[in-house]
C-alpha cells in the first residue's frame, strides 16, 4: 500500500474542507432541534460549498489528470448530504408510501421555494454526474498501475464489477425518483391529480421528525467514515494539513456554525416558529418512548 500511495489534492478534499463539511452536516441536524432560526442560513451556506466543490470536481474531471478515487472522494462530500434519500425511499417502500408515515412531509424546518428549486436542481446535476462517473469516467480517468479503493460498507476495488454496478443502480434509482417527482409536480400543476392533506397526531409528527433526524445522522456518519477510510485505504498523503485559505474558510465557517448551535442550545434561545407547533412537541417529549413503541408496532 505504501508504494501505491500518492499526494492528494488538498484544495479539493483537504482536512479543512472535509471537517468543514462534516461540521455543517451535524450542525444543521442539531440546529433543527435547538436552533431552528439558524437552519435556513446553514442550508444556504452548505449549498454554496457543495456547488463550489461540484464545479471544481467537474473541472478536474475534464482536465483528465485526476485519479478516479479523488473524484469519488469529492462526490462523497458533494452528494453525501443527499444520500439520506436512500433510507428515506426504503422507509417509504416499507410503509406502503402512505403520506401519514412520510417523515419528509413534517420537517422541523421547512425549505423556502427558491431554495428548494436550487437544491433540487443541484441534486439532479450531481446525480447525473455520478452516473457519468460510474459508467464512463471511471474508465477514462487516469489510474496508473495501482488500484483505487472505495467504500460500500466494506472495502472494494474500483475494478470490482459488483461495486460499480451497485453505485450505478443506486444513483440511477435516485435520479429516476427525482425525475418522477418532477413529473408528479407537473401533473399536479395542471390539476390532473389532487393530493388530499391529512392531519396526524402531534405525537406521530414528533416520531416522524425523530426518524428523519436518525436517517440524516446515520447517513452523515456513514459518509464521514467512507471518506476517511477511502483516504486511508488509498494511502493518500498531503491532505491532512491545513495549509491554505481554501481549507481554512470552510473549516472556520463549520466551526462557527457548530459553536453557534451549541451556544443557542445552552442559552435556550431557539425561536424557530416555522417548523412545528411547540406545544405539540412539549407534550410529546414527556411520553416519547411509550408513544414510539405504540405507533411503530
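The values are calculated or read from the model by the stated rules, or taken from the named source; none is laboratory data. Note that this is a predicted model, so its numbers are computed, not measured. FYI the Cβ positions are ideal-geometry reconstructions off the backbone, even for glycines, and counts take in every protein chain you see.
List of remarks:
- Only a single item in (1) within 24 Å of residue 186 (Cα to Cα); (2) surrounded by 15 or more Cβ atoms within 10 Å (Cβ to Cβ) is not met by residue 100, and it is number (2).
- Summed over the range 1-27, the residues that are farther than 14 Å from residue 259 by Cβ and part of a helix (DSSP H, G or I) give a count of 14.
- Hey, residue 26 touching a residue at least 12 places away in the same chain (Cβ under 8 Å), touching a strand residue (DSSP E or B) at 6+ places or on another chain (Cβ under 7 Å) and more than 18 Å from residue 248 (Cα to Cα) or not: no
- Selection status of residue 77, surrounded by 22 or more Cβ atoms within 10 Å (Cβ to Cβ), touching a residue at least 12 places away in the same chain (Cβ under 8 Å), in contact with a helix residue (DSSP H, G or I) (Cβ under 8 Å, 6 or more places away or on another chain) and within 15 Å of residue 224 (Cα to Cα): yes
- When 284, 280 are checked against the criterion of being within 26 Å of residue 41 (Cα to Cα), in contact with a helix residue (DSSP H, G or I) (Cβ under 6 Å, 6 or more places away or on another chain), assigned to a helix (DSSP H, G or I) and modelled with pLDDT under 75, 280 stands alone in meeting it.
Residues checked against (1) under 21 Å from the mean Cα position of the chain (by Cα); (2) at pLDDT below 90; (3) exposed (fewer than 14 other Cβ atoms within 10 Å of the Cβ); (4) outside any loop (DSSP other than H, G, I, E, B):
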residue	(1), (2), (3), (4)
146	no, yes, no, no
156	no, no, no, yes
167	yes, no, no, yes
198	no, yes, yes, no
204	no, yes, no, yes
208	yes, no, no, yes
227	yes, no, no, yes
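- Any chance residue 91 is free of Cβ contacts under 8 Å to residues at least 40 places away in the same chain, buried (at least 18 other Cβ atoms within 10 Å of the Cβ), part of a helix (DSSP H, G or I) and out of contact with any strand residue (DSSP E or B) (no Cβ under 9 Å at 6 or more places or on another chain): no
- Annotation note: of 35, 51, the sole residue that is surrounded by fewer than 19 Cβ atoms within 10 Å (Cβ to Cβ), in contact (Cβ under 8 Å) with a residue 24 or more places away in the chain and under 17 Å from residue 254 (Cβ atoms) is 51.
Results for (1) in contact (Cβ under 8 Å) with a residue 40 or more places away in the chain; (2) touching a strand residue (DSSP E or B) at 6+ places or on another chain (Cβ under 9 Å); (3) more than 23 Å from residue 147 (Cβ to Cβ), shown as yes or no for each residue.
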residue: 214; (1), (2), (3): no, no, yes
residue: 219; (1), (2), (3): yes, no, yes
residue: 224; (1), (2), (3): yes, no, yes
residue: 227; (1), (2), (3): yes, yes, no
residue: 230; (1), (2), (3): yes, yes, no
residue: 241; (1), (2), (3): yes, no, yes
residue: 246; (1), (2), (3): yes, no, yes
residue: 253; (1), (2), (3): yes, no, yes
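- Cβ-Cβ distances below 7 Å connect the following pairs, each with a first residue in the range 103-116 that is on the phi < 0 side of the Ramachandran plot, a second residue that is surrounded by fewer than 16 Cβ atoms within 10 Å (Cβ to Cβ), and a separation of six or more residues or different chains: 105/99; 109/274; 110/274; 115/44.
- Some residue of the range 120-127 being in a helix (DSSP H, G or I) and surrounded by 20 or more Cβ atoms within 10 Å (Cβ to Cβ): yes
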